[in-house]
Amino acid sequence: IEVVGPIMLPHPRAYYGTPTANIPASSQTKAQNSRIFAVLSYLGVAFFLPLCILPFFLCKDDGFAKFHAKQSIVLYVFYLLAGIVGRWFNLVWLVNVALWYFVVKGILNAYAGKKEPLPWIGQYADRF
């Protein structure tokens, strides 16, 4: 923490993480590819379904991308089921708000490199 006048500011590394100068370039690109495919899997839930299963074919040995792909597939199944129930009770708007909450949370976790399960949905993705 740096003190600038009366204000205490966090160090810039608090925002950008640790420097990656000592990490080999191949590991950096692999980690970036994992993050990209993990983020794409959540975008598949909202826009284009085949993006959800893309990591299973292109990242066969990558546990991080597969973890997020599993969660996105389970999220899509829950979205379909909740959409059917939501139509009965006229709560489709609530289902859509919940979908976007989970998609944004999943994208943020994937981009940050976190392997954190989504609330209520992550427990089912582990079984898949």
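The values are calculated or read from the model by the stated rules, or taken from the named source; none is laboratory data. Every value quoted in this text rests on a predicted model; they were computed, and no experiment measured them. So basically every Cβ, Gly included, is an ideal-geometry build from the backbone, and we count neighbours across all protein chains shown.
For region 93-128, what are the residues that are exposed (fewer than 15 other Cβ atoms within 10 Å of the Cβ) and aliphatic (A, V, I, L, M)?
If the condition is that a residue be exposed (fewer than 15 other Cβ atoms within 10 Å of the Cβ) and aliphatic (A, V, I, L, M), then 94, 97, 104, 108, 112 are the ones that fit.
Contact list please: Cβ distance under 8 Å, first residue in region 103-125 and farther than 13 Å from residue 41 by Cβ and part of a loop (DSSP other than H, G, I, E, B), second residue among the acidic types (Asp, Glu) and at pLDDT below 90, pairs at least six apart or on different chains.
117/126
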